[in-house]
Amino acid sequence: MNSRVTLKKNHEFRRLYSKGKTAVTPYLVVYCLRNNRDTRRVGFTVSTKLGKAVVRNRVRRRLREIYRLNSPQLVSGVDLVIVARTKCVEGDYHKMESAFLKACAELKLIRE
């Protein structure tokens, strides 16, 4: 499965924000919603409140890498949006990864 299938359009993000299930951690928020596909799609959101472009891009790269390394464990057929929170800017990578896995477990996205 291609782990690079992403959400791009604003209406796709808004659909997840309004109808999706939510898991909140100090480092990130994960929204998920079942789709009618065999693939898993993901989108990343890093607000300008977190800092300038260099900081936001670093946070986005870290989130993408966390997702890439853990995507084989996740179920398919869902859309995900991962929203970075302010702790991601100075947070430890391993704490961010454990927060992502905790949020996915809360949403029952991890395969048995």
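Suppose we filter the stretch 63-88 for residues that are in a helix (DSSP H, G or I), buried (at least 17 other Cβ atoms within 10 Å of the Cβ) and over 11 Å from the mean Cα position of the chain (by Cα); how many remain? Qualifying residue count for the region: 1. Taking first residues from the stretch 63-77 that are in contact (Cβ under 8 Å) with a residue 24 or more places away in the chain and partners that are surrounded by 13 or more Cβ atoms within 10 Å (Cβ to Cβ) and hydroxyl-bearing (Ser, Thr, Tyr), the Cβ contacts under 7 Å between residues at least 6 apart in sequence or on separate chains come to Arg68/Ser3; Ser71/Ser3; Ser76/Thr39. Summed over the stretch 28-48, the residues that are closer than 19 Å to Ile110 by Cβ and either among the small types (Gly, Ala, Ser) or in contact with a Phe, Trp or Tyr (Cβ under 8 Å, 6 or more places away or on another chain) (or both) give a count of 4. Selection of the stretch 1-20 for residues being within 26 Å of Val89 (Cβ to Cβ) and open to solvent by 50 Å² or more (accessible area, probe 1.4 Å) yields Arg4, Thr6, Lys8, Asn10, Arg14, Tyr17. Once the stretch 96-112 is narrowed to residues that are assigned to a loop (DSSP other than H, G, I, E, B) and not hydrophobic (A, V, I, L, M, F, W, C), the residue that is nearest to Cys32 (Cα to Cα) is Lys108. For the stretch 98-112, the set of residues classified as open to solvent by less than 40 Å² (accessible area, probe 1.4 Å) and under 14 Å from Thr25 (Cα atoms) consists of Ala99, Phe100, Ala103, Cys104, Leu107, listed by residue number. Got a number for residues in the stretch 23-38 being without any contact (Cβ under 8 Å) to a residue 60 or more places away in the chain and either farther than 20 Å from Glu65 by Cβ or open to solvent by 90 Å² or more (accessible area, probe 1.4 Å) (or both)? Number of matching residues: 6.
The values are calculated or read from the model by the stated rules, or taken from the named source; none is laboratory data. Just so you know, these numbers come straight off a predicted model, no measurement behind them. In this analysis, Cβ positions are derived from the backbone assuming ideal geometry, glycine residues included, and neighbour counts consider all displayed protein chains. Remember, those area values only see protein heavy atoms, side chains included, never the ligands or the DNA or RNA. Shrake-Rupley method; radii C 1.70, N 1.55, O 1.52, S 1.80 Å.
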